[in-house]
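Nothing in this text is a laboratory measurement; each read-out follows from the coordinates by a stated rule. Quick caveat, the model's predicted, so the values are computed rather than measured. Neighbour counts run over all protein chains shown; Cβ positions are idealised from the backbone, glycine included.
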Amino acid sequence: MQNKQRAALLILTLVLSPVASAQLTQQRLDSTIRVDNTNQTRREAVRIIDNIWWVGHSAVGAILITSSEGHILIDTTSTELAPWTVESIVNAGFELDDIRYLLNTHTHEEHMGGMPMFRKLLPHAILLASKESADVMATGGKTDFRYIVERDETDLFEPFVVDGLIRHGDEIRVGDISIVAHLTPGHTEGTTTWTTTVSEDGRDYDVVIFGGMSASGAYRVPLIGNEFYPEIAEDFVRSFEYLRTLKCDVYLYPRAATIELDKKLKKRGESGNRGNPFVDPEGCQHYIDFYEKRFLKQLNEEKAD
Ligand SMILES: [Zn+2]
């Protein structure tokens, strides 16, 4: 075999084989980020600030933004655990029928596998997603590169079709809610970050609901030579740069551990009414720093391989 052919075959093997990928990136495994479906428990809805609620279970949540004229739900949690999301919304006193829009952060099963169930429960609600997310939704996750690389069948979900597409900068309004979509690809090709403004104790706060900033997968998908998402590294670089331009007082992500949900709730309980720990502009910048550093570390390691 000629050297060129051998090199091409080697690259192909590295990209295609989950085993090789796992060996290459074993050290990058961060067990706290991977979902453990066996240890999740119900959780009552948590009011984060003003009209923004965390609804879902102990590990993964959906974000409910409420108004007197209707609500917006971002994400649903997984196929299996979405009934707990429904339960937490209803137990908090909200009417499911008042949800006007179903949106999402990104097309990973643990975050939006429950969308088909919500579609059936709420036939009147409008489901919008980025073009890239809508494409993955339509295949039940089969075209998501994390699935293509890792072939983990639990990443698949019931396919569904959206009502419309959202583009970068689109604004959705319900009553006095105004929420803006920002396309921040990298974690998935269609990852969407959402921003809104809330008021509490006479002050306005900018809220950023991040769409995901880590290289996907238990073993972190390759950033270089990723045949299924060739522009992944460039997208991440652009997304990090862009995320830094967003005003951010309160940062959210639909995974409890990554936004220190329980730690902040405990702090709020201890401090009584003095301040809201979710107002954390410094934490927001650290949050972006953390993922950007991890991305650069992986990129440099892959360059060195
Ligand atoms: Zn994800």
Select from the stretch 119-136 the residues that are surrounded by fewer than 24 Cβ atoms within 10 Å (Cβ to Cβ) and in contact (Cβ under 8 Å) with a residue 12 or more places away in the chain and list them in ascending order. Arg119, Leu121, Leu122, His124, Ala125, Ile126, Leu127, Leu128, Lys131, Glu132, Ala134, Asp135
Can you confirm whether Val221 is closer than 18 Å to Ala62 by Cα and among the aliphatic types (A, V, I, L, M)? no
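Table: residues versus (1) closer than 15 Å to Ala256 by Cα; (2) small (Gly, Ala, Ser); (3) within 16 Å of the ligand (Cβ to nearest atom); (4) without any contact (Cβ under 8 Å) to a residue 12 or more places away in the chain.
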position: Ala45; (1), (2), (3), (4): yes, yes, no, no
position: Val55; (1), (2), (3), (4): yes, no, no, no
position: Ser67; (1), (2), (3), (4): no, yes, no, no
position: Leu73; (1), (2), (3), (4): no, no, no, no
position: Pro83; (1), (2), (3), (4): no, no, no, no
position: Val86; (1), (2), (3), (4): no, no, no, no
position: Ala92; (1), (2), (3), (4): no, yes, no, no
position: His106; (1), (2), (3), (4): no, no, yes, no
Sort out which residues of the stretch 194-236 are farther than 20 Å from Ile288 by Cβ, within 16 Å of the ligand (Cβ to nearest atom) and among the acidic types (Asp, Glu), and write them in order of number. none
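Run down Tyr251, Tyr291 and say which single residue is surrounded by 21 or more Cβ atoms within 10 Å (Cβ to Cβ) and in a helix (DSSP H, G or I).
None of the others qualify; the one that does is Tyr291.
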Residue hits (the stretch 254-288; assigned to a helix (DSSP H, G or I) and in contact with a helix residue (DSSP H, G or I) (Cβ under 7 Å, 6 or more places away or on another chain)) are Ile288
